[in-house]
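The values are calculated or read from the model by the stated rules, or taken from the named source; none is laboratory data. Everything quoted here is computed from the prediction, not taken from an experiment. Cβ coordinates were reconstructed from backbone atoms using ideal geometry, including for glycine residues, and neighbour counts include every protein chain displayed. We work out accessible area using only protein heavy atoms, side chains counted, and drop any ligands, DNA or RNA first. Shrake-Rupley method; radii C 1.70, N 1.55, O 1.52, S 1.80 Å.
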Amino acid sequence: DKMFSDVAQPSLSKRRLYTTTEALSFQASGDLTATLNVQAENTSWRIGQYPDWITNVSETSGSGSASVVFTAKENLSPDVALAGSVSLVSTSGDFAYEKTLPVVQQQAPVRLNPSETSHAFTTGSSASCEISVDANIDWTASCSEKWVTLSYTADKISISVAENTDDS
């Protein structure tokens with residue numbers, strides 16, 4: 001008689017793969033990193049798809065728990081926040097799991113910075129000046145005074161004033 005204790009018993013290992021992160025969020029500039037905390041037990045994993053504006057992933061695969069750091073490029077657009085998704089996929093053949101997490105990056109703050117906010121011209125003579133403009137938005141400049149001529153491009157304002165002949 002063989003005893004049942006002599007028979008090899010199959011070993012079952014509990015497999016788990018999950019994240020403690022529900023979404024990845026990036027600033028427009030400055031600290032451009034976000035961390036995905038991967039928890040894995042008895043399984044291997046890989047990072048699947050991610051948006052092309054993510055420029056670096058610290059670990060693209062593993063067989064245990066890890067803190068995966070994603071780095072995004074700066075978002076220069078004040079008009080558009082970026083969005084996409086990141087997937088975490090099991091790579092153990094007998095354990096199918098995939099989780100997709102939303103990924104967002106804030107839009108850049110609006111920037112409109114003229115080099116001067118006022119300019120004084122000498123009384124009694126015609127004159128002109130140029131003011132540099134640092135901006136990440138479309139802008140316009142205008143003046144309704146007949147003695148002022150104003151033109152602008154994306155990065156400067158040109159102002160010409162006619163001679164002041166008013167004695168008052």
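Worth a mention:
- Apportionment of accessible area to carbon and sulfur, the stretch 2-138, percent (1.4 Å): 48
- Comparing Ala120, Ala66, Ala81 in a Gaussian network model of the chain (Cα springs below 10 Å), the most mobile by mean-square fluctuation is Ala120.
- Residue-count net charge about Trp45 - beta-carbon cut-off 12 Å; Lys, Arg +1, Asp, Glu -1: +1
- Environment charge of Arg16, counting only residues whose C-beta is closer than 15 Å and scoring Lys/Arg +1, Asp/Glu -1: 0
- Cα gyration tensor shape for the stretch 71-146, rounded if a/c is under 1.5, else prolate or oblate: prolate
- In the stretch 8-128, Cα pairs under 8 Å separated by at least six residues give a relative contact order of 26 percent.
- Note on Ser126 and Gln27: with the Förster distance fixed at 45 Å, the Cβ-Cβ geometry gives a FRET efficiency of about 0.40.
- Within the stretch 1-153, the proportion of C-alpha pairs whose separation exceeds 21 Å stands at 64%.
- For the stretch 102-160: relative contact order, % (alpha-carbon pairs under 8 angstrom, 6 or more apart): 33
- Longest segment of the chain lacking trypsin sites (Lys or Arg not before Pro) that sit in a DSSP loop with at most 13 other Cβ atoms within 10 Å: 15-110
- Dipole check for the stretch 1-154: with +1 at the C-beta of Lys and Arg, -1 at the C-beta of Asp and Glu, and the Cα centre as origin, the magnitude is about 340 Debye.
- Binned Cα-Cα distance frequencies in the stretch 69-109 - 10 Å width, integer %: 25, 37, 23, 12, 4
- For Ala28, neighbours were defined as the other residues whose beta-carbon sits under 14 Å from its Cβ, and their charges (Lys and Arg +1, Asp and Glu -1) total -1.
- Solvent exposure of the chain, expressed per residue, is 66 Å² of accessible area, with all protein chains present and a 1.4 angstrom probe.
- Excluding exposed DSSP-loop GluC sites (Glu not before Pro) (at most 16 other C-beta within 10 Å), longest clean stretch of the chain: 75-115
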